[in-house]
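Peer 1: Take a look at the following structure, please.
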Amino acid sequence: MAGSQRYVRYILLAFLCLTIVYFFTSSAPIRGTPLTNASDVIKEQEANAGGSSSQAHLSLDKDTYTQPGTSPNTPNTLPYESAEGPRMNATFVTLARNSDIWEIAKSIRHVEDRFNRRYNYDWVFLNDQEFDDNFKKITTSLVSGKTKYGTIPKEHWSFPEWIDQSKAEKVREDMKAKKIIYGDSVSYRHMCRYESGFFFRHPLMLDYEWYWRVEPSVELYCDIHYDTFKFMADHGKKYSFVISLYEYVETIPTLWDSVKGFMAKFPQHLEKDNTMGFVSDDGGSTYNHCHFWSNFEIGNLNWLRSQAYIDYFNHLDRDGGFFYERWGDAPVHSIAASLMLKKEEIHFFNDIAYYHVPFTHCPTGEETRLKLKCHCNPKDNFDWNGYSCTSRFFDVNGMQKPEGYEKEQH
């Protein structure tokens with residue numbers, strides 16, 4: 001009896017073992033292939049369902065799938081692709097103070113992302129005080145080219161000896177009472193005078209032939225797919241702009257009188273085929289107040305260092321309007337370019353989208369904006385606004401306005 005019971009237990013145990021073996025073998029993947037990751041699961045499901053999932057393959061392909069990272073998770077990215085070809089002898093130039101660091105950091109990032117990461121041009125920073133280590137550290141980390149830091153000589157950032165400072169102070173008080181923008185600012189006047197006549201003569205700038213002026217808190221809205229400096233050189237350009245407008249009349253009441261004095265004294269410096277019509281409606285008798293907005297400029301430094309321009313600046317400087325009024329560097333540069341350069345030597349960059357409070361240049365033409373991956377609103381474009389002088393520039397030069405400009409007039 002006992003032997004029979006032991007025999008029955010052996011049969012039950014064997015049956016149980018066979019059942020367990022059968023369970024595991026029948027649960028194995030199709031064709032015995034192990035499932036190693038989520039991609040295999042997706043593929044097996046597709047095979048069983050007789051369908052496909054392109055979206056799943058995009059996100060979980062076995063060759064590219066990685067587990068989600070946790071912070072910090074710095075990717076090992078390749079450097080930006082550099083544009084082919086030689087570089088021009090050019091630099092960006094910025095006049096800034098240490099306190100401007102985050103505003104200029106924003107500008108640098110826009111310029112680098114939209115243009116300079118592929119060209120790696122240098123960047124010169126100028127200040128009437130020494131730049132601190134923090135300013136240098138942050139700007140150096142952001143600029144793809146070399147960064148250089150210069151201090152402005154005191155004689156270029158102070159009252160010239162011929163200026164009556166009591167008279168200048170009275171002017172500032174009057175302008176403050178009239179609520180004229182920067183009317184009571186001494187530093188703003190030093191800045192305008194410096195940008196008008198000295199930045200291109202700073203020792204650091206003497207190494208270069210071309211410059212691109214960048215101010216704090218500016219934005220670039222579109223990609224720039226070519227070397228702007230090389231474009232200027234190849235096409236015989238010496239000065240360029242993206243925004244133009246009328247100057248505040250109260251800040252320059254005698255500027256044109258000083259300009260006429262220069263023209264009478266130095267007629268040899270005037271270009272016959274110039275753009276006088278941009279700045280004067282009557283052949284030079286009066287100034288219509290149009291100017292190129294100089295917080296954006298790409299230009300030729302050799303022209304600014306020419307004897308013609310130096311004579312022009314010195315004449316205006318002696319008349320004292322930088323301090324007795326509030327002459328800006330924008331009308332000073334614009335008048336010089338309009339009188340001393342040939343028409344074809346001044347260029348309007350429709351394709352460089354730009355913002356400096358409060359005005360926007362957004363390229364005219366949808367095809368251009370899409371091609372350059374622009375993110376500006378064309379409704380914000382200032383070019384064809386009634387207070388803009390860009391339409392006048394086109395008319396004076398006999399140029400055809402960009403297609404679609406009529407839709408942006410307001």
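Peer 1: Trp303 versus (1) buried (at least 20 other Cβ atoms within 10 Å of the Cβ); (2) aromatic (Phe, Trp, Tyr); (3) touching a residue at least 60 places away in the same chain (Cβ under 8 Å): which is the lone unmet condition?
Peer 2: Single failed check for Trp303: (1).
Peer 1: For region 146-169, name all the residues that are surrounded by 14 or more Cβ atoms within 10 Å (Cβ to Cβ) and not aromatic (Phe, Trp, Tyr).
Peer 2: To start, the set of residues in region 146-169 that are surrounded by 14 or more Cβ atoms within 10 Å (Cβ to Cβ) comprises 147-153, 156-159, 163, 168.
Once the filter is applied, which keeps residues that are surrounded by 14 or more Cβ atoms within 10 Å (Cβ to Cβ) and not aromatic (Phe, Trp, Tyr), region 146-169 yields Thr147, Lys148, Gly150, Thr151, Ile152, Pro153, His156, Ser158, Ile163, Ala168.
Peer 1: What pairs come out if I take residues in region 150-179 that are in contact (Cβ under 8 Å) with a residue 60 or more places away in the chain and pair them with residues that are of a type in the set (S, T, N, Q) and assigned to a helix (DSSP H, G or I) whose C-beta lies under 9 Å away, six or more apart or interchain?
Peer 2: Phe159/Gln165; Met175/Thr251
Peer 1: Looking only at region 385-410, count every residue that is among the charged types (D, E, K, R) and within 16 Å of Asp351 (Cβ to Cβ) and tell me the total. Steps first, please.
Peer 2: The initial filter retains those residues of region 385-410 that are among the charged types (D, E, K, R), namely 392, 395, 401, 403, 406-408.
Next cut, within 16 Å of Asp351 (Cβ to Cβ) only: 401, 403, 408.
Qualifying residue count, region 385-410: 3.
Peer 1: So for region 323-332 (the condition being under 28 Å from Tyr208 (Cβ atoms), modelled with pLDDT of 95 or more and charged (D, E, K, R)), does at least one residue qualify? Let's see the steps before the verdict.
Peer 2: Taking region 323-332 and keeping what is under 28 Å from Tyr208 (Cβ atoms), we get 327-332.
Then keep just the ones that are modelled with pLDDT of 95 or more; that gives 327-332.
Retained after the next criterion (residues that are charged (D, E, K, R)): 329.
Yes, some residue in region 323-332 is under 28 Å from Tyr208 (Cβ atoms), modelled with pLDDT of 95 or more and charged (D, E, K, R).
Peer 1: Are there any pairs with C-beta distances below 9 angstrom linking a residue in region 192-204 that is more than 18 Å from Phe292 (Cα to Cα) and without any contact (Cβ under 8 Å) to a residue 60 or more places away in the chain to a residue that is in a helix (DSSP H, G or I) and open to solvent by less than 10 Å² (accessible area, probe 1.4 Å), with the two at least 6 apart or on different chains, and if so which?
Peer 2: What qualifies is Phe198/Phe313.
Peer 1: Follow-up. Determine which single condition Met175 fails, assuming it passes every other condition in (1) within 29 Å of Lys106 (Cα to Cα); (2) in a helix (DSSP H, G or I).
Peer 2: Failed condition: (1).
Peer 1: With Ser338, Ser294 as the choices, which residue is within 24 Å of Glu215 (Cα to Cα), part of a helix (DSSP H, G or I), open to solvent by less than 10 Å² (accessible area, probe 1.4 Å) and of a type outside the set (Phe, Trp, Tyr)? Don't jump to the end; show me each part of the working.
Peer 2: Working: Ser294 fails: part of a helix (DSSP H, G or I).
Just a single option satisfies the conditions, and that option is Ser338.
Peer 1: While we're looking at this one, here's another question. Can you confirm whether region 218-236 contains a residue that is under 23 Å from Asp317 (Cβ atoms), assigned to a loop (DSSP other than H, G, I, E, B), open to solvent by 10 Å² or more (accessible area, probe 1.4 Å) and in contact (Cβ under 8 Å) with a residue 24 or more places away in the chain?
Peer 2: Going residue by residue through region 218-236, those that are under 23 Å from Asp317 (Cβ atoms) are none.
No, there is no match, as no residue in region 218-236 is under 23 Å from Asp317 (Cβ atoms), assigned to a loop (DSSP other than H, G, I, E, B), open to solvent by 10 Å² or more (accessible area, probe 1.4 Å) and in contact (Cβ under 8 Å) with a residue 24 or more places away in the chain.
Peer 1: Return the only residue of Gly386, Gly398, Gly328, Gly321 being touching an Asp or Glu at 6+ places or on another chain (Cβ under 8 Å), farther than 24 Å from Asp113 by Cα and either surrounded by fewer than 18 Cβ atoms within 10 Å (Cβ to Cβ) or in contact (Cβ under 8 Å) with a residue 40 or more places away in the chain (or both).
Peer 2: Details: Gly386 fails: touching an Asp or Glu at 6+ places or on another chain (Cβ under 8 Å); Gly398 fails: touching an Asp or Glu at 6+ places or on another chain (Cβ under 8 Å); Gly321 fails: touching an Asp or Glu at 6+ places or on another chain (Cβ under 8 Å).
Only one candidate passes the filter, namely Gly328.
Peer 1: Looking at this structure, is Gly299 among the small types (Gly, Ala, Ser) and either assigned to a helix (DSSP H, G or I) or within 20 Å of the chain's Cα centre (by Cα) (or both)?
Peer 2: Working: among the small types (Gly, Ala, Ser): yes; either assigned to a helix (DSSP H, G or I) or within 20 Å of the chain's Cα centre (by Cα) (or both): yes.
Here the answer is yes, as Gly299 does meet what is asked.
Peer 1: Among the candidates Arg201, Arg172, which residue alone is more than 16 Å from Phe313 (Cα to Cα), charged (D, E, K, R) and either touching a helix residue (DSSP H, G or I) at 6+ places or on another chain (Cβ under 9 Å) or buried (at least 17 other Cβ atoms within 10 Å of the Cβ) (or both)?
Peer 2: Values: Arg201 fails: more than 16 Å from Phe313 (Cα to Cα).
Being more than 16 Å from Phe313 (Cα to Cα), charged (D, E, K, R) and either touching a helix residue (DSSP H, G or I) at 6+ places or on another chain (Cβ under 9 Å) or buried (at least 17 other Cβ atoms within 10 Å of the Cβ) (or both) holds for just one of Arg201, Arg172, which is Arg172.
The values are calculated or read from the model by the stated rules, or taken from the named source; none is laboratory data. All of these numbers come straight from a predicted model, not from anything done at the bench. Ideal geometry is used to build each Cβ from the backbone, glycine not excepted, and the neighbour counts take in all protein chains shown. SASA here: full protein model, heavy atoms, side chains in, ligands and nucleic acids out. Shrake-Rupley method; radii C 1.70, N 1.55, O 1.52, S 1.80 Å.
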